[in-house]
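The values are calculated or read from the model by the stated rules, or taken from the named source; none is laboratory data. Just so you know, these numbers come straight off a predicted model, no measurement behind them. Cβ: placed from backbone, ideal geometry, glycine included. Neighbour counts: every protein chain shown. We work out accessible area using only protein heavy atoms, side chains counted, and drop any ligands, DNA or RNA first. Shrake-Rupley method; radii C 1.70, N 1.55, O 1.52, S 1.80 Å.
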Amino acid sequence: MRELTVVARDLGTARSLLGVAPTGMATRVVLLGAAAADDGARGLPADRVVAAPGLTGHDPAALGPSLAPLLAPFLSTAGLVVLDSGQPARDLAGWLCASLDLPVAWAVERLGRAPDGAIEAERPVLDGGHRLVQRLPAGPVIVLARPGPGPETVGTPVLEHSDAASGPSALTVRPLDGGPAEPARGLAGARVVVSVGRGVGGPDAVARYRRLAELTGAALGASRAAVDGGWLPFAHQVGQTGATVAPDLYVAFGISGAVQHTAGMRSSGRVVAVNTDPDAPIVRLADLVITADANEVADALLRRLEREG
């Protein structure tokens, strides 16, 4: 019987990725780094949780050699290893596929069963207007998934601990603005995302949105234009070539809503668009549209949040 193993760096992403599993499939989660010490792991809706606090960092050449032996027993049962679609996960998936000679299915939104029991992966194509169903090979497969709303149920998984640890990294992180490097916090599994685009004006405007994200417990996202402009690192990019998110609330400040961006956030529960252009493409996806200057709206929200503590 095939089993599904989620590999994640935070609980929100782990829960979201469990949502792609076919009904009735045995599931486990491998938690990396700080997520392994989170007590919330005890409530994940999986059969087993493997905590590996020593598996840290984003260098696949440092992480992969220690992670691969941990995954080997799961892969021997023709298992599916599921990671999110963010850049660090894509890098890791590439290392695993090349090192273990495994196939990969990418941009997957749902896994299902064919009438004969085979596993099928479904993903959007042609700007989301059509669905492509891919029959997966019978052996082990690496799956890069676009996280959706995960199951809300609380599980009682069997907890295990792994002493596996990453090797030394050969990567050097160089911040774009000369300040401290800032990773995107749990973007793929975030319940709330505050995203900025070209319409906020420039890099000097980003600080207010970072503060807004901090006060609301949100993850900070960005459009490709904002990332290409050097306003935020690539780890914050939401879209077809960045992270795919499915938060309960997605607030887009100054984002026009090009297809490349909306492909990464169209599964959001509620979308708020703040834009001076009432005809911007993102308006068609929004549940609430605020036609106003994005920075003025953000400043008003900050004043209200800071006043109320």
| Within segment 243-256, can one find any residue that is surrounded by 15 or more Cβ atoms within 10 Å (Cβ to Cβ) and among the acidic types (Asp, Glu)? | no
| message | Given the criteria open to solvent by 10 Å² or more (accessible area, probe 1.4 Å), touching a Ser or Thr at 6+ places or on another chain (Cβ under 8 Å) and closer than 19 Å to ALA294 by Cα, does ARG211 qualify? | response | no
| Any chance ARG42 is under 26 Å from GLY167 (Cβ atoms) and in contact with a Gly (Cβ under 9 Å, 6 or more places away or on another chain) | no
| query | If we keep just the residues of segment 292-309 that are loosely packed, with under 13 Cβ neighbours inside 10 Å and not hydrophobic (A, V, I, L, M, F, W, C), which is modelled with the lowest pLDDT? | reply | GLY309
| note | Among the residues of segment 191-209, the number that are of a type outside the set (A, V, I, L, M) and free of Cβ contacts under 8 Å to residues at least 24 places away in the same chain is 1
| note | Of the residues in segment 133-166, those that are under 19 Å from GLY19 (Cβ atoms), of a type in the set (A, V, I, L, M, F, W, C) and surrounded by fewer than 16 Cβ atoms within 10 Å (Cβ to Cβ) come to VAL133, VAL154
| Of these, ALA98, ALA107, ALA78, which one is small (Gly, Ala, Ser), in a helix (DSSP H, G or I) and surrounded by fewer than 20 Cβ atoms within 10 Å (Cβ to Cβ)? | ALA98
